[in-house]
Structure formats: structure tokens, C-alpha cells
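S.K.: Shown below is the structure under consideration.
Derivation of every value follows stated rules applied to the coordinates shown; laboratory data play no part. All values derive from a computational prediction rather than experimental measurement. Quick reminder, even Gly has a Cβ in these numbers, built from the backbone with ideal geometry, and neighbours come from all protein chains shown.
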Ligand code: ADP
Ligand code: MG
């Protein structure tokens, strides 16, 4: 083991990091993802870690990059960094060899700033993405290059949406599918398909300006633009885009000012025959809290849905993923996974990934037995995902309150309490941010939601009757 000039021993440093990490994640995750890591060396302020596979590295970067960064900084100072060395799996490559990747590269790429094309006529327009002082040549479309059409397996569940997406990509702005509105539940491929369209457009028309943005990001940029008194710049920037992809538009519910500005941008793009692609977890008519004029715009083009994949599609999705990862798996194992995990593609891929991880780490072959154990555990652990909307509905029914009262500003005691309960359950049972929860529960801010959660927790501890409400409501929501 080498020591660096400052005499830091990688084993010791990593051991201290592990202590912090252990305290922050579940025992199972720790065992799976951190125990197999070996510290190799410290050079200056860079700690090099050896991980078992490329897949392992990507998993760490995707799920633990924040925790790792914080920990390393704590141990090696603010400029502390990580590097990985990867042992390629023996069954992927015959000669084990080591490649080096700087930590967090993927993250940097994902979050890279976008900037607008440099053009004298447009030079005065400020770009909402741009970091001041940074000059770049073109707008980064913010696309994930793994989300291609090739990797988007076709099935009955997605045929129309996929075909429409493809048609749009071949002739952006020129079909009647404008906007293309893709809707469907969580994990069914909305984000993937919308990226695929963007990637395909860039392939066929490299000069077209494509931009993928989540509606949350759109909202945040707008808020920022307002703060800087740069609303016109914001609008002008968006009016430059040829193919605008806005993911998860349901997030704009209740955000009236952002909807206004979006309406403006939408009209301009549509009139100038630019392509708009929208995704949502609901149909346009079901989007509560969205202005009618916007909803009617959404209905102008084509609405296409994504459904849960059927068995054949699930098998094809698994096979494609295995092919991409360069991993082989017995047919009966694939069948078992595809038969039992039938909720959505995210769950299916999640289960597959856990299975591969298990086998890689324990150096065990992927057998039907291993798959059975894993599926059983996976199904047991996967809690039903509920939406804030659904939580509000259950709470309203329980207290016999109309939904619009719950979402109103009223301070009547019984309404306040129901609202606080809805916030509390939304915090505990969904992955929504405090700000998003507040927004959907009467346009409150994140501090109000935090306060609501504290109040409910206090009442649970001190008031038995209240506690019974909470238990009963939780049961109803989980039904
Ligand atoms: P959504 O945006 O609808 O929640 P995503 O687009 O994020 O869903 O998809 C979840 C995961 O499932 C992603 O990893 C995506 O690549 C994968 N996926 C979804 N649909 C398909 C499909 N038809 N073929 C291959 N992978 C898919
Ligand atoms: Mg998505």
C-alpha cells in the first residue's frame, strides 16, 4: 500500500469514510455497495478506490455520488477527490484489466451548463442556463444518450406513442402531432421516449436546436429570471428552440405565472412551426391546477399513452438491458423476473440490476434460485407508490371536505389540520420535495410543510385520538 507525501494511509482514510457512510445508509446497501470497495492509494488529494465492475461504478455514481463527495471532502479537505479503478468482470472480458475513470464525470456531463449559440444578433439575449462569463457555441440539448429509440423496446403498450415520436423526430414541427403529448404512469418510459425523439432529431438535423428540460427546471429558471428582472431574456431564449421537450408538465399545476410564460412560449413556437413535446403522468383534461387555455393547447396535437408492458415486452426489455451490459443470463431466470415484476419498467430494471449486483458481488452464478430469492425480497420491499393527489383525495374523503377547500387558503381549524395531514403523508409516502408538496397543498412554501410535519409528529406523540386518525388514514392510503 502506498502512502502519499502527507503520509495519509488510504486504508485509514477509507475506513473513516466508511464509518460516515455506514451511518447514512441501510445495512444492506452498505454491504452490497461499499464493503466490496478497496482503497488503493492516495495521491495528493485524490483517493483511488477499486470497484468490481463498470456497472458497479455507474451504480455508485448514480446513487451515492453526493454522499461520497461529502465524505471525501470531510476526510481529505475541500479539494478532496475520488478516482475509481475498475476491474473488468471476468465474464465480460477474459483478461481482467483496470481502467481509470475520474469520479463524477457522468454527473458533470449531466449537469453541464447549456448555452446559446453565439450570434451577434442574438448576443444581447441572456440565456437562462448560462453561467455568467461562459461563452459556448451551441445550446446543449441536455439529452441522455442512452435513451435512444434503439433502446426503447416496442410493444403493444407503447406502439402509438413510439410511432408518433418517431414521426415527429423525422419531421419536427411538420406533422399534425404538435404538440406531442405523451402520458403514462411512473416508470413507463415517458422520459426515455422524449429523449429518444431529441436524439433522433439531432441525428437527422444536426443544426436544429433541441432542448430537453423538466418542467421543474423550467419553473426554477423562470423564478430566477424574475428575480433578476430578466423575464424577456427568458422568453426570448425559449423562442429560439426548434424542438422543445418539456418533461412532467403536471408539475406546473398551480404555478400560474410559469404557466403564463409557458403559454406565451408555446404559442410562439407553435405558430412558427417548431415542435413541442410534452410528457405528463395524466391526460390533459385530468391535469388539475392547469389553466384551461393551456390544456386546450395541449389537446391540439396528439395525446399518446404509455401502458404497463406486457410479458413479451418485459422479456425483450430485460434481454436488451443484458445485451447492453454484456451479461448473459439463463432463460428461466429472465422468464421468472418478467413474470413476477409486472408493475413498470423502472421496477423491472431495478430488480434485474439487483440480481446482477448480487451475483457479481458474491461471485455466484445467476441461477433460478437466486432470482427467486431476489424477486421475493424485491416484491416485499417495494412499497406501493402513491401520488400527492391521491393522498389529498383520501384525506378529503376521510374528513368529508371538498378538495378545493383543502387546497384553498382558508385557515379554519379543521381544514388546516386536514391540510397538515395531507402534507405529512405526502412527505412520508412520496418522493416529492417540500416545495412541491406545499405548492400542491394550497400554494404554501416549504417551511409551512416542514412545520406541518412537526405539528403532526407532536400530536401523534401527545394525542391518542389524533394518533388513531393517522394510523387509520395511513391504512386507507396504502389500500
Ligand atoms: P417515466 O419517465 O415514465 O417515469 P422513464 O422514461 O424514466 O419513465 O423510464 C424508466 C426506466 O425504464 C428507464 O431506465 C428507461 O430506460 C426504461 N424503459 C422504459 N420503457 C422502456 C422500453 N420500452 N424499453 C426499454 N427501456 C425502457
Ligand atoms: Mg420521467
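S.K.: Provide the gained length on full extension for the span residue 186 to residue 272, in nm with one decimal, where the gain is 0.36 nm per separating residue minus the Cα-Cα distance. Please report the intermediate quantities before stating the final value.
M.R.: Numbers: separation 86, 0.36 × 86 = 30.96 nm, distance 3.24 nm.
Here the segment from residue 186 to residue 272 would lengthen by 27.7 nm.
S.K.: For the stretch 316-468, what ratio Rg/Rh do Cα atoms give with a Kirkwood hydrodynamic radius?
M.R.: Details: Rg = 21.6 Å, Rh = 18.4 Å.
Taking Rh as the inverse mean 1/r over Cα pairs, Rg/Rh reads 1.18.
S.K.: Calculate, in nm to one decimal, what residue 204 and residue 31 gain on full extension: separation in residues at 0.36 nm each, minus their alpha carbon distance.
M.R.: 57.7 nm
S.K.: At residue 412 and residue 365, where each label point lies 7 Å from the Cα along Cα→Cβ, what is the point-to-point distance in nanometres?
M.R.: The modelled label-to-label distance comes out at 6.8 nm.
S.K.: Turning to a different aspect of this structure: Sorted by mean Cβ packing within 10 Å, highest first, what order do the peptides 392-398, 268-274 take?
M.R.: 392-398, 268-274
S.K.: Further, regarding this structure: With runs of 4+ DSSP H residues as the only contributors, calculate the mean residue ellipticity of the chain at 222 nm using -39,500 (n - 2.57) per run, divided by the residue total and rounded to the nearest 500. Don't jump to the answer; show the numbers that get you there.
M.R.: Values: 19 runs with 244 residues, N = 479.
After summing the helix terms and dividing by the residues of the chain, the value is -16000 deg cm²/dmol.
S.K.: Give the share of C-alpha pairs in each 20 angstrom bin for the chain, from 0 to the last occupied bin, in whole percents, shortest bins first.
M.R.: Over the chain, the share of Cα pairs per 20 Å bin runs 20, 49, 30, 1 percent.
S.K.: Still on this structure, I have one more. Please find the FRET efficiency linking residue 151 to residue 65, where r is the Cβ-Cβ separation and R0 is fixed at 22 Å, and quote it to the nearest 0.05.
M.R.: Values: r = 23 Å, r/R0 = 1.05.
Given R0 = 22 Å and the Cβ-Cβ separation, E is 0.45.
S.K.: Determine the gain in length on full extension of the stretch residue 160-residue 74; use 0.36 nm per residue of separation and subtract their C-alpha separation, reporting nm with one decimal. Please report the intermediate quantities before stating the final value.
M.R.: On the way: separation 86, 0.36 × 86 = 30.96 nm, distance 5.08 nm.
Between residue 160 and residue 74, full extension yields an extra 25.9 nm.
S.K.: Quick check: pseudo-label points 7 Å beyond the Cα along Cα→Cβ at residue 175 and residue 372, how many nm apart are they?
M.R.: Taking the simple label geometry, residue 175 and residue 372 are separated by 4.6 nm.
S.K.: Report the label-to-label distance for residue 464 and residue 83 in nanometres (one decimal), using points 7 Å from each Cα along the Cα→Cβ vector.
M.R.: 6.4 nm
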